[in-house]
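**Q** Have a look at this one.
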Amino acid sequence: MTETANARKIAFATFVRRALEEARATRAWSGTEVSRRTGVSRQTINRWVRGDWASDPEAERVVAFCEGLGLNPAAAFAALGWDRTASGPRAGQPAPPMDPDVEALLRRLVDPNVSDAEKFHIRETIRYLAYRPTLPVDVRNRGNQAG
């Protein structure tokens, strides 16, 4: 194994280990709960922690792991030495406007005057909404139909 490949494995293993420690400390999630919330098997997560992989982790699994834990996948990509800037918005293109309610939640999550308990509740609610099954079209439109 080359020195660069080994360094990448160590960096990614460190990233995953810290993410798991954070989930355990702030959310009291076990490895099983992390696996359930992210959709990434415990075996895969354990291999990542050990740096025990022959080929790079699949980008989709890395993204799922990060999103399930509320982390920016760019940090994982950086640890892996991947240049993912090409997949983001193109230079010169403005980002789409953010929903005002989402902006308000983000402000609360970084506000030092908001308690950790309240931030935990906000994150849990966001995760629930983000990962619940999508309602069928006919159910979503029932509330919009007139009488």
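The values are calculated or read from the model by the stated rules, or taken from the named source; none is laboratory data. This one's a predicted model, so the numbers in the text were calculated from it and none came from an experiment. Cβ placement follows ideal geometry from the backbone for every residue including glycine, while neighbour counts extend to all protein chains displayed.
**Q** Mind counting the residues in region 36-59 that are farther than 16 Å from P73 by Cβ and either not aromatic (F, W, Y) or not assigned by TED's automatic domain parsing to the domain that holds V16 (or both)?
**A** Total satisfying the criteria: 12.
**Q** Which count do you get for residues in region 20-74 that are outside any loop (DSSP other than H, G, I, E, B), among the hydrophobic types (A, V, I, L, M, F, W, C) and surrounded by 13 or more Cβ atoms within 10 Å (Cβ to Cβ)?
**A** The total comes to 14.
**Q** Now a separate question. Inside region 75-89, can you point out the residues that are in a helix (DSSP H, G or I) and either at pLDDT 90 or above or within 20 Å of I10 (Cβ to Cβ) (or both)?
**A** Listed by number, the residues that qualify are A75, A76, F77, A78, A79, L80.
**Q** Now a separate question. Among residues belonging to region 98-135 that are among the basic types (K, R) and in contact (Cβ under 8 Å) with a residue 24 or more places away in the chain, point out the one that is farthest from R36 (Cα to Cα).
**A** R123
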